[in-house]
Every structure is written in structure tokens, then in C-alpha cells.
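First up is the structure itself, then whatever we jot down about it.
Computed from the coordinates by the stated procedures, all read-outs in this text should not be read as laboratory data. Every value quoted in this text rests on a predicted model; they were computed, and no experiment measured them. Neighbour counts are summed over all protein chains in view; Cβ atoms, including those assigned to glycine, are modelled from backbone coordinates with ideal geometry.
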Amino acid sequence: MTFKNPFQLGCFISFMFLNTMLMAQTTDTNTKIEDLLAQMTLEEKVGQMNQYNGFWDVTGPAPEGGNAAIKYEHLKKGWVGSMLNVTGTEEVRKLQKLVVEESRLGIPLIFGYDVIHGYKTLAPIPLAESASWDLEAIEESARVAAVEASAVGLNWTFAPMVDISRDPRWGRVMEGAGEDTYLGMQIAKARVNGFQGKDLSQPNTIAACAKHFAAYGFAEAGKEYNTTDIGTSTLYNTVLPPFKAAVDAGVKTVMNGFNLLNGVPVTGDAHLQRDILKGKWGFEGFVISDWASISEMVPHGIANDLKHSAELGAKAGSDMDMESYAYVRHLADLVKEGKVPEALVDDAVRRILKVKFELGLFDDPYRYCDAKQEEALLYHEDHKASVQNMALKSMVLLKNENTLLPLAKDQTKIAVIGELAAEKNSPLGSWRLGSDDGTAVSVLEGLKQFSDNVTYASGPKVFGENANFLNEVVVNTEDTSGMDEAVALAKNSEVVVMVLGEHGFQSGEARSRTELGLPGLQLDLLKAVQAVNPNIVLVLMNGRPLTITWEAEHIPTILEAWQLGTESGNAIAKVLFGAYNPSGKLPMTFPRSVGQIPIYYNHFNTGRPNPEPNVFWSHYSDEENTPLYPFGHGLSYTNFAYEDLKINVRDDGTVKVNAKVTNTGDVFGEEVVQLYIQDKKASIARPVQELKGFQKVGIPAGETKTLTFILTDKELGFFNHKHEFVVEPGKFGIMVGGSSADGLKGGFTKK
Ligand code: BGC
């Protein structure tokens, strides 16, 4: 090896030094793990594989016989490796102390929690964040979440959910990155990096968890906890890549799921967990089951009883049991009876201990328990600024026909209508366990900061008072009181801002819906208002794509504002008054009707895609084939023109794509420039288009930017029917544009 200058030599020496340090550290950790393992009884090993909920049993059926006293005893015996849903430095410290001081080996607990889009200060729901296509902002958002979560004693989040889903009936689409694999991969990486930071042993970083491995987003009919049945092409090309991206980004844990996948409960699927995840991909962290998903192998008709489910789970590589009590009750016996090799238990324990070492818990088990930090960091002003920034970037301007937006500062008579306009809870979404009720800034509060000419009428009641994490949301469909008052206000106003949508607790886990229109009397209200004043800005608050066909036809301006978290109202007001120019793009297709679901942009062609003079082509008799709003769609207060697509196949086989984008309007704007490919003919059918690159660029009014994308084999290849990644020669189509439905088109031939 030769060095051109002393600097290069210096770099090389530092690199080698760092490498040696890292290797030494790893060897050191491995030795410590082996030392510890050698001292552990079988029961203590199994204990590491056992996770208990804090003393309230919430997201699933309460496990048989579970109670605080047993858990307490088990903690003291060292039969618990982790707790979930215990928060607050005081509580965490108390349990940690119990284990560290009273159990024989004093192995610290790892504390997990669903920190999905923030702990106290909430960012937008993950689907909304994904609409920003802004990876830096998304990483920063996860960072803020980690800082607050670690300040209350937590060191592990059950996020990111990286399930791809094409079914908005499934309430959990709010928790993911949408329908696209490529976008999902980039976001998975950003979120893992945000949570885990560069050094996991720092007291303000936490371990992440990619979930739900795998294919949970394909729950049949969008029904929660339901079966998934997908082909291997979809599994390999659509579902697995975001998990792989998370693993490549160094995610420390993976959660399996509740679902059967092609007949096998994923929790008991050795092929997925051992062959693919830990084998092929070399994942070194540990796998946690989903809540009671080990015991749920009994109702699935796969395990005889709890003991058998423990055997199946352990053999399949589910390293930690969340609240099934299966391992703690039966795994030691299963090993003694020769049904589960102890080597498998050892492997699981090594993985769990490794993450604990990496978190620095063996150096200081109370590392995350600084009460002063807890006080200083929760709802910190910097965090509010950060989540507001994220909220601004997450909104999608779906339609702006009469250019009602942005509202003028001196606009007189602004009517604000809709129960959700005054809501301080709903914008927090449903995964907001750590946050406090009523802490979101409402749209009304936000707007009042910009204008004194705002008058409010709620319209008819929409949601019952009992909406919370455990209950179904009750929706009023009968009582119209409030309607007349709202209509009268609209009649006497210049412009009407209507805030309509779903309650925060209508999406999320166990919130599947069969109807995706505006709940309750909201559409009636909208129609009544539109009849007297068509100057309506419709602000939507929802956790999933909705079917808003009437709205799209009759309302000139629609802003998709999702559930934007703590700073919701401030961010929405800024967009409405033009202090921020919207830049989001849909991460999920908006269907025209529920009957079109699953509808997604990267579908395959049928053999009969084009209209025929007769009925024998692929279509619906009563609905269009196209979506209402396509994947990647989103407008701005300015316009962008695309020109000059250049495609250059280079000698090394990579493809360089250039396009010019001009801001043709009067104001600065940000555009998400999207690149799609189509592999025209291959050994297995490829989608009609696939996102393979995007860049979010800010362009001043009147200026042009030339963007360059490089496509490598990674973007051009796919998994064939033998599950091998291949790049096949032949013709490819290219499209560069501002949505999946429109752009400059070209192509090239891959040799
Ligand atoms: C969910 C998981 C979650 C776990 C712990 C389950 O019901 O499916 O995503 O992390 O509960 O709260």
C-alpha cells in the first residue's frame, strides 16, 4: 500500500487504530458475555428471554394468571430480561435497582416502550412524516423522540414500523411509511439512525426495533390481527427490503408479528427469523415477539398449548417473549426434556446481553435515570420547534384550484368550522402513550395567532367523549344540532376553513375501518356549507388515505394535514397563511372508493390493460381504474416545470439521468423530484413503474435546477422466482416528475 501524502498515511493509521479499538471492544464484550453466560443457570438464561409489561396489561388480552406479585418475584430472581411500559426515571430506577441489587447476577433490565412519533412532544404520525420525503427531518424527528424517551428512563423503542401496506382500511398504516418499498427503505434507515444515533451507549440514544417481521401490512381485508397470504415475489421484492435496510443501518432489535404468513405464524417461522434475518442478512441483534404472539400460536391452530408454543417460538428464533409467559413457564423444562437445544437459548441470551452491553447498561444500569434530565428535556422548546418543522413538511396540498390559499393576512371574515378545528387531542394520533391529553395546539389557536378575523362554529357533534386508547370511537350520525349555526356563519364569511376528518383514535392498532369517508355528519355539513359559500379550504385530519371523491369534485382547495402532533395548529396556520409553502407528497394512494382497495401505483400490468369496445378488459363496471390522488402527488403555492430529460448508460453499467426543474411561479418552493423505472420485460413480471430515486430540492422563484440521479444494479435488479437478486438485460423505461402519474419519459437498454 502506498500513500500519496502524510495526511493519507495519518488517515490510514487512525482508521486502523479505530478498527483495532472497535475489534478490541467487540472481543472484550464477547468475552464478558461468555463469562456471564457461563455463570447463568438455565432459569436465569430463560429469564433474559422474558419480557413483562409494567403492572398494567393493555394492548392485548390479559395473560392468564399475570399479576404484579408474580412479576415482582420473578424480577428478584433474575427471571425477567426486560420490561415494557414502565416509564419515568423514578419507576425505572426502582425496578432496575430491584434487579441489579437483589437478583443473583444483577443483570440490568432493558426498558422498552412504543415511542412511535415522540414521547411527550409529539411529531406528526409516521405516515405524515413520510409524506415529507425529507430524510433529514425524519431522522431528526426520531432523534428528538429518543432524547425525550431516554430522559424518562427508556432505552428501547418498538419503532420504526417498516411494514409496507397497500390497504388504508388497516388502521396501522398511520404507523408506517406508506405503500412504497424504496421510500420505505430510506425512511427505515433514517428512523433507525435517528433513534440509535452514532453511539448507542450515549444516555440520549435508544435501541430501535424494526417491526413487524414480516408482511403484517398485508393483513387480509385490512382487518387487524388478520392472516396474510402473499407470494414470494411480493415477500422478497416488496415486504422484506425495508427490514433489510433497517438491519443494514444497524437496527438492534426486530419484532415479529401476530400474523400467519402463508399459513405459518411469523412468530414461529424459523425460515424467516433464522434463515433469512439471522442467517442471510447476518442480523446480530435480537428478535422480540409481538404482544403475546407466542401464546397466540395456540388459537392459530399451530401449537397444542402454551408449552408447545414456547417450543415453537424458541426454535424459530423468537429470542424474547413479550407477555406470553410461555418461556418463563416452560422453556427451561423444554430444554431439560431435550425438546429445545440449550444452544438455541444461549444464542438468544447472547444477543440480548449484547444489546444491553451496547446500551452501556453494564457500565451504569441507571444511565437513563437522571431525574434532572427528565425535567429539563420533556416538552423542550427546541423539541417543539423541531416537531413543528416536521409538521410543516408533512402536509400535502391535494388541490388548490381557486387559489384561495395562501390566505391574505388582512383577509376579513374567516369562518372556521368543524369539531376537529378546536381539537387538542386528535392531532396527537393514537400512538401517544407517553404524551399528555389536550397538549396539541388546535387549528383554531394557530389561526388566531395570524388573524383577528376568525370566527368559529363547530357544526354537529362528530365524536363521542369516550374516545381513548382502549375504546371504539363513537360517532354521531343523527344529532344535527349545530348545523344551522355553522351554515349561517359560512354564509356571512369571505372564506371558510373547514377542518374535517378522523378522530386520532380512529386509526392505529385495532382501528380497521370498512368505510373510508368522513365519519358522521361531516360530509353533510360540508355539503350544506358549500351550498351557501363555495370558498372553502378543506383541511383534512386523518391517519390514513380517505375516499373523498365528492370533496375532490366540489371543494376548490384541500390540504391534507394528517395528525401532526403537538404543534399541529401552529404548523397548519403557517401553511394556510403562506408562511410555509407546502411541499409534501402522498406516500400512499388515495382511492376513489373502498372497492378499489388494494390500489397502489406499482402494480403489475394485466394482459388486458387498455379499454376495448366491449367489456372484456381489466376494469370496474362502476368505477374508474385510476386513484383519486396518486402516490407521489402534492402541490405547492408555486409550479414546477420539468424539461430536458437526459439518460446516459455509462461504461460501468450505471445509468445517469438528468432533468431540469424550473420554479415557474412567484414564490420559493420545494419540490420532491421523483424517478421511476419500468423493467419492460423480465423473467418474472415487473411493476408498471417503481420509484428508484427522489430528491427534495428548494428552488427560488424563476430559477432552474438540474438534477442528477445515478441508477446502479441495486436499483435495476429484483428478486427472481428463485429468490436470487438478479439484474436482467433489456429495455427499461424511465420517468422523472413530480408524482407517479406524470413526468418526462424516456428509456434505455441495459446490456
Ligand atoms: C403491537 C406492537 C407494539 C406492542 C407493544 C402490540 O400490540 O402490535 O407494535 O410494539 O403491542 O406495545
Inset, instruction - Give me the distance between the Cα centres of the stretch 685-710 and the stretch 570-625, rounded to whole Å. - result: 20
Legend entry - the stretch 27-375 shape via C-alpha gyration tensor axes, a/c threshold 1.5: oblate
Inset, instruction - Rounded to the nearest 10 degrees, what's the angle between the helix 381-394 long axis and the longest principal axis of the chain, both from Cα atoms, 0 to 90? - result: 60
Inset, instruction - Considering Cα pairs under 8 angstrom that are at least six residues apart, work out the relative contact order of the chain and quote it in whole percent. - result: 13
Inset, instruction - Note the angle between two axes, namely the Cα long axis of helix 135-151 and the longest principal axis of the Cα atoms of the chain, as a number of degrees from 0 to 90, rounded to the nearest 10. - result: 50
Legend entry - Ranked by how many other beta carbons lie within 10 Å on average, peptides 651-657, 344-350 from highest: 344-350, 651-657
Legend entry - Leading residue at positive end of dipole, the chain (Cβ point charges), from His721, Ile536, Val655: Val655
Legend entry - Unit charges at the beta carbon, dipole of the chain: most positive-side option, Ala270, Ser458, Leu518: Ala270
Legend entry - Whole-angstrom gap from the stretch 410-473 to the stretch 69-98, using each part's C-alpha centre: 38
Legend entry - Set of aspartates and glutamates near Lys731 by C-alpha distance (under 18 Å), chain-local residues within fewer than 8 positions excluded: Asp651, Asp652, Asp679, Glu690, Asp713, Glu715
Inset, instruction - Give me the angle, in degrees from 0 to 90, between the Cα long axis of helix 68-77 and the longest principal axis of the Cα atoms of the chain, rounded to the nearest 10. - result: 50
Inset, instruction - Anything over 27 Å Cα to Cα? Flag those among Lys696/Lys745; Lys211/Lys680; Lys77/Lys339, in the order listed. - result: Lys211/Lys680
Inset, instruction - Calculate the dipole size of the chain relative to its Cα centre from +1 charges on Lys and Arg beta carbons and -1 charges on Asp and Glu beta carbons; express the result in debye to the nearest 20. - result: 1920
Legend entry - Protection proxy ranking, peptides 68-74, 739-745, average beta carbon neighbours within 10 Å, highest first: 739-745, 68-74
Inset, instruction - Rounding to the nearest 20 debye, state how big the charge dipole of the stretch 599-677 is about its Cα centre with +1 on each Lys and Arg Cβ and -1 on each Asp and Glu Cβ. - result: 280
Inset, instruction - When a/c is below 1.5 the answer is rounded, else prolate if a/b is larger than b/c, else oblate, so apply that to the stretch 624-717 with a ≥ b ≥ c taken from the square roots of the Cα gyration tensor eigenvalues. - result: oblate
Legend entry - Ordering of 388-394, 508-514 by burial proxy (mean other Cβ atoms within 10 Å per residue, highest first): 388-394, 508-514
